[in-house]
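Worksheet: the structure to be examined is printed underneath.
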Amino acid sequence: MSDKIQSTFVKNGRESIIMSESEYKGYDLIDIRTFYVDVAGELAPTRKGVTIRAEKLQDFIATLSCFAQAVEEKDLSEMDTEMEEDAVTTA
């Protein structure tokens with residue numbers, strides 16, 4: 001990987017999640033790590049994160065997508081339950 005890609009997701013006012021490419025012992029890696037703003041105002045890495053082989057990235061994305069869908073379905077189900085409870089209490 002000659003052109004390293006990096007992407008940032010702002011987690012909150014103090015932290016960001018940075019996804020980047022790296023290489024270690026000949027393996028192409030994807031690093032997803034939490035960074036914080038240090039006293040100098042620069043982003044600095046924390047120990048919180050995960051590193052996976054680049055060849056496993058699509059499997060990771062598929063797993064994350066399935067998880068997101070399950071959470072969304074659970075949230076919708078809970079909303080339906082709350083709406084049903086509201087209908088019962090107003091009747």
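Could you say whether any residue in region 41-50 is touching a residue at least 12 places away in the same chain (Cβ under 8 Å), out of contact with any strand residue (DSSP E or B) (no Cβ under 6 Å at 6 or more places or on another chain) and not hydroxyl-bearing (Ser, Thr, Tyr)?
Checking region 41-50: not a single residue is touching a residue at least 12 places away in the same chain (Cβ under 8 Å), out of contact with any strand residue (DSSP E or B) (no Cβ under 6 Å at 6 or more places or on another chain) and not hydroxyl-bearing (Ser, Thr, Tyr).
Identify, from the list Arg33, Arg53, the residue that is touching a Pro at 6+ places or on another chain (Cβ under 8 Å) and either in contact (Cβ under 8 Å) with a residue 24 or more places away in the chain or within 14 Å of Thr8 (Cβ to Cβ) (or both).
One residue alone meets the criteria, Arg33.
Take the conditions without any contact (Cβ under 8 Å) to a residue 12 or more places away in the chain and among the hydrophobic types (A, V, I, L, M, F, W, C) and apply them to Ala68. Does it pass?
yes
Read the figures in this text as sums done on the coordinates, not as results from a lab. Since the model is a prediction, treat every value here as computed from it, not as a measurement. When we count neighbours, we look across all protein chains shown, and the Cβ atoms used for this are built from the backbone with ideal geometry, even at glycine.
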